[in-house]
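Structure, as structure tokens:
The values are calculated or read from the model by the stated rules, or taken from the named source; none is laboratory data. The model shown is predicted, which means the values in this text are computed figures rather than measured ones. For neighbour counting, all protein chains shown are included, and Cβ atoms are generated from backbone atoms with ideal geometry for every residue, glycine included. With ligands, DNA and RNA removed, areas are computed over all heavy atoms of the protein, side chains included. Shrake-Rupley method; radii C 1.70, N 1.55, O 1.52, S 1.80 Å.
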Amino acid sequence: MSLQGKHRILMVSDFFYPNFGGVENHIYYLSQCLMKLGHKVIVMTHAYGNRSGVRYMTGGLKVYYVPWKPFLLQNTLPTFYGTLPIIRTILIRERITLVHGHQAFSTLCHEALMHARTMGYKVVFTDHSLYGFADVGSIHMNKVLQFTLADVSQAICVSHTSKENTVLRSGLPPERVFVIPNAVDTAMFKPAPVRLSNHEIVIVVISRLVYRKGADLLVEVIPEVCRLHQNVRFIVGGDGPKRVRLEEMREKHSLQDRVDMLGAVPHAKVQSVLVTGHIFLNSSLTEAFCIAILEAASCGLLTVLPDDIIVLAEPDPNDMVMAITKAIDLLPQIDTEEMHNRIKKLYSWHNVAKRTEIVYDRALKCSNQSLIDRLPRYLSCGAWAGKHFCMVMIIDFLLWRLLQLWQPDRNVEVVPDSNLTSGIWVQMRMRYNW
């Protein structure tokens, strides 16, 4: 496989398959489309249960499940320097030219970007979430993000609101932040072949049942909607700490026959759940760009998108009940096939890949700078924090030099580029079910 003029990209995040979520889908679909454009893409994440080592996914996407176990919300324990040897080995073995980290929550992402910059690689960061500025957790996270982005080549956000949020939190120059929205696999998310009857209205909720996703709002909204509309039924897919409150609400109001709790729904089965409904309800308090909304709209559900198929509400139970009532009234006007075709044109992963490719090209054109030239960027992060960040980078640089002495780059075996369509690879994929 000739890679002349193409990129060799390492995608890094704590969040990847077999875990399911927006970040996981983004990395997977973006990687597949970049590979179709001729680039080499490798994914690095932590081990999931017994899934450790090197695995191959559809299209020959190579995934390194490094032997690090998550300790909180699928995040690995911060080690600062513990991941340096294995990240260096992967970068050399795969002859990586650019490192792309995903999600500010990801410890592995932050450490990989730090080590990559120490070794002189160009790095790109994609922020998938919105953060506040006042609570303790956000203040801590924003300072970590400021450290990571102090020396990043380029950054990507999934919406203009996300870009404003990231620039304010990190102090990154706006001209180095690009907006590239999420997309949806419209071949997978199609409307039901037969239009559903409006005799019974089904409202679908698929979300992690946590505070940030507005699970507490659902506890108040669902009983009121069921009281006002006797022909409405809810399907709630997802799991999380707030599921107990929803179960208690269902018991308290005797809604067992009108509220179905599905628990965690595998991504492969999300479409089959969506097509059973008329309306998709998203109660998130903050959302940078929700892929679940695109998936629902692609399946023909009335949801939050362009003006003629939009029903917005304030994060208030009464306002949400009014918005749902308005959505029920709009249902006869919705053409599910026409909605699907619009989403197909507006939100394409191939378009996302081409726009991301432009960001990679710009990142590789950034000038190479020595550690001495880069340290002032970290000093500008704060009177005390800046000095600590400089010490972290200096120690990282010294450890990298020690690793080079202990195991020179030339002693690291390089992986040959392989064409996964060749006969031997086809046989191996069939034999080992890759």
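Side notes on the structure shown:
- Average accessible area per residue (Å²) across the stretch 163-250 - probe 1.4 Å, nucleic acids and ligands excluded: 46 Å²
- Look at the alpha carbon pairs under 8 Å that are at least 6 residues apart: their mean separation over the length of the stretch 229-348 gives a relative contact order of 20 percent.
- Sparsely packed GluC sites (Glu not before Pro) within the stretch 174-264, loop by DSSP, other Cβ within 10 Å at most 15: Glu200
- Nearby lysines by direct alpha-carbon distance to Lys190 (threshold 28 angstrom, same-chain neighbours under 8 apart not counted): Lys36, Lys213, Lys269, Lys326, Lys344, Lys345, Lys354
- Using the rule -39500 (n - 2.57) for each DSSP H run of four or more residues, divided by the residues of the chain, the 222 nm mean residue ellipticity is -13000 deg cm²/dmol.
- Highest mobility in the GNM of the chain, judged by mean-square fluctuation with C-alpha springs under 10 Å and restricted to Val136, Val225, Val177, is found for Val136.
- Tilt relative to the chain, helix 107-118 - C-alpha long axis, 0 to 90 degrees, to 10: 30 degrees
- Fraction of beta bridges assigned by DSSP in the chain that are antiparallel (%, nearest 5): 15 percent
- Relative contact order of the chain, pairs being alpha-carbon contacts under 8 Å that are 6 or more residues apart, as %: 16 percent
- Heavy-atom surface analysis with a 1.4 Å probe gives the stretch 246-325 a carbon and sulfur content of 52 percent of its accessible area.
- Within the shell defined by Cβ-Cβ distances under 10 Å, the residues around Arg208 carry a net charge of +3, with Lys and Arg each +1 and Asp and Glu each -1.
- The stretch 207-255: C-alpha gyration tensor shape, a/c 1.5 cut-off, then a/b vs b/c: prolate
- Within the stretch 18-110: Cβ-based charge dipole about Cα centre, in debye rounded to nearest 20 (Lys, Arg +1; Asp, Glu -1): 280 debye
- The stretch 8-143, accessible surface, carbon-and-sulfur percent (1.4 angstrom probe): 65 percent
- Mean accessible surface per residue for the stretch 1-160, computed with a 1.4 Å probe while every protein chain stays in place, in Å²: 34 Å²
- Portion, in percent, of the accessible area of the stretch 168-236 that falls on carbon or sulfur, probe 1.4 Å: 58 percent
- Degrees, to the nearest 10: 385-406 long Cα axis against longest axis of the chain: 60 degrees
- Structure remark: mean-square fluctuation, Gaussian network model of the chain, C-alpha springs under 10 Å; the largest value among Leu145, Leu331, Leu218 belongs to Leu331.
- For the stretch 310-386, the per residue solvent-accessible surface stands at 60 Å², with DNA, RNA and ligands left out and a 1.4 Å probe.
- Between 0 and 90 degrees, the angle of helix 317-330 with respect to the longest Cα principal axis of the chain falls at about 70 degrees.
- Part-to-part distance (alpha-carbon centres) for the stretch 106-175 and the stretch 324-363, which is given in Å: 26 Å
- Considering only Lys252, Lys62, Lys122, the Gaussian network model of the chain with Cα springs below 10 Å gives its largest mean-square fluctuation to Lys252.
- Proximal charge balance of Leu399 [Cβ under 13 Å; K/R count +1, D/E count -1]: 0
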